[in-house]
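What follows is a single structure, written as structure tokens, with notes after it.
Quick note: the coordinates plus some simple rules give every number you see, no bench work behind them. Here the structure is a predicted model, which means the values were calculated and not measured. Cβ atoms come from the backbone with ideal geometry, glycine included; neighbour counts cover every protein chain shown.
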Amino acid sequence: MSSETSAVPVITIDGPTASGKGTIARLVAQALGWQVLDSGALYRLTALAVHEAGGDGSDAEQAARLARQLDIRFDGAQVFLRGRPVADDIRAEHIGELASRVAAWPAVRAALLERQREFRMPPGLVADGRDMGTVVFPDAPLKIFLDADVGIRAERRYKQLIEKGISVNMVDLLKDLRLRDQRDRGRAHAPLVAAHDAITVDSSRLGVESVVQQVLGLCRARGLAA
């Protein structure tokens, strides 16, 4: 990483599935006029590539190779894989579950590390994920760990899917989130954990705007925003 790049400020927002970190990162980035990185999209794109290649995430070499070869493009809210729009495809629950499996492979994480760091561009970056503050941007001047009760996260995800017209069973959804939490927190390489200097924000009882204002307040306190 060049000294010029390392001078670009980064706000990291890590947290478990359905904690709202993607929404918060996007709104904070908009408020600041900064770049935004949805690192989960890169793992979901890798999972989609694995799925389309007939894999199930059990082959680390295949997943890492596909991660290195990803032909992707971001254009606002749209995401393209090999020139094809896949924003809806990568948000499917089975792709999210597969992404959690392929993300456990160290070779996959290594393949995507530099690609994530390439998003660090002026005037600043808000990056959300699971290891943004611990591995990808350990020098970030502000690190947030956004958490929420798993039952509340399941309810939020249930509402999101129902609004999209996707049929889902609440019991199965809660079970899936618990399994993802266990996998993400328990993996040997880059587990989901709050950085030692992160500020934990529990969004269980907070609305989106309240969390955004809390993060922006921390930005101002750190001299990252006027």
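For segment 37-110, the list of trypsin sites (Lys or Arg not before Pro) that fall in a loop by DSSP and count at most 14 other C-beta atoms within 10 angstrom reads 82.
Here the residues 95, 13, ranked from fewest to most Cβ neighbours within 10 Å of their Cβ, fall in the order 95, 13. Put in line by how crowded their Cβ is, counting other Cβ atoms within 10 Å and starting with the fewest, 166, 24, 152 read 166, 152, 24.
If you bin all the Cα-Cα distances of segment 2-43 at 5 Å, starting from zero, the percentages per bin are 5, 20, 27, 22, 16, 7, 2. Distance between the modelled labels on residue 214 and residue 114, one decimal in nanometres: 3.8 nm (7 Å Cα→Cβ projection).
Taking N as the residue count of segment 126-210, its C-alpha radius of gyration divided by 2.2 N^0.38 Å amounts to 1.22. Here is what passes the span test in the chain: the DSSP H helices with alpha carbon length of 15 Å or more along the helix axis and a Kyte-Doolittle mean of 0.5 or above are 21-32, 208-221. Summarising the amide proton neighbourhood of residue 149: residues at separation of 5 or more, or on other chains, whose placed amide H is nearer than 5 Å comprise 204. A simple count of charges around residue 148, restricted to other residues whose Cβ falls under 15 Å of its Cβ and scoring Lys, Arg +1 and Asp, Glu -1, yields +2.
The label-point distance for residue 93 and residue 159, in a model that sets each label 7 Å from Cα toward Cβ, rounds to 1.8 nm. Solvent-free Debye calculation, one equal scatterer per alpha-carbon of segment 1-91: log10 I(q)/I(0) at 0.25 Å⁻¹ equals -1.25. Within the chain, the proportion of Cα pairs with more than 32 Å between them is 14 percent. Among all the aspartates and glutamates, which ones have a C-alpha under 14 Å from residue 164's C-alpha, if same-chain residues fewer than 8 places away are not counted? Output for residue 164: 88, 89, 93.
Exposure proxy for 137, 74: other Cβ atoms within 10 Å of each Cβ, ordered fewest to most, give 74, 137. Dividing the Cα radius of gyration of segment 73-128 by 2.2 N^0.38 Å, with N the residue count, gives 1.29.
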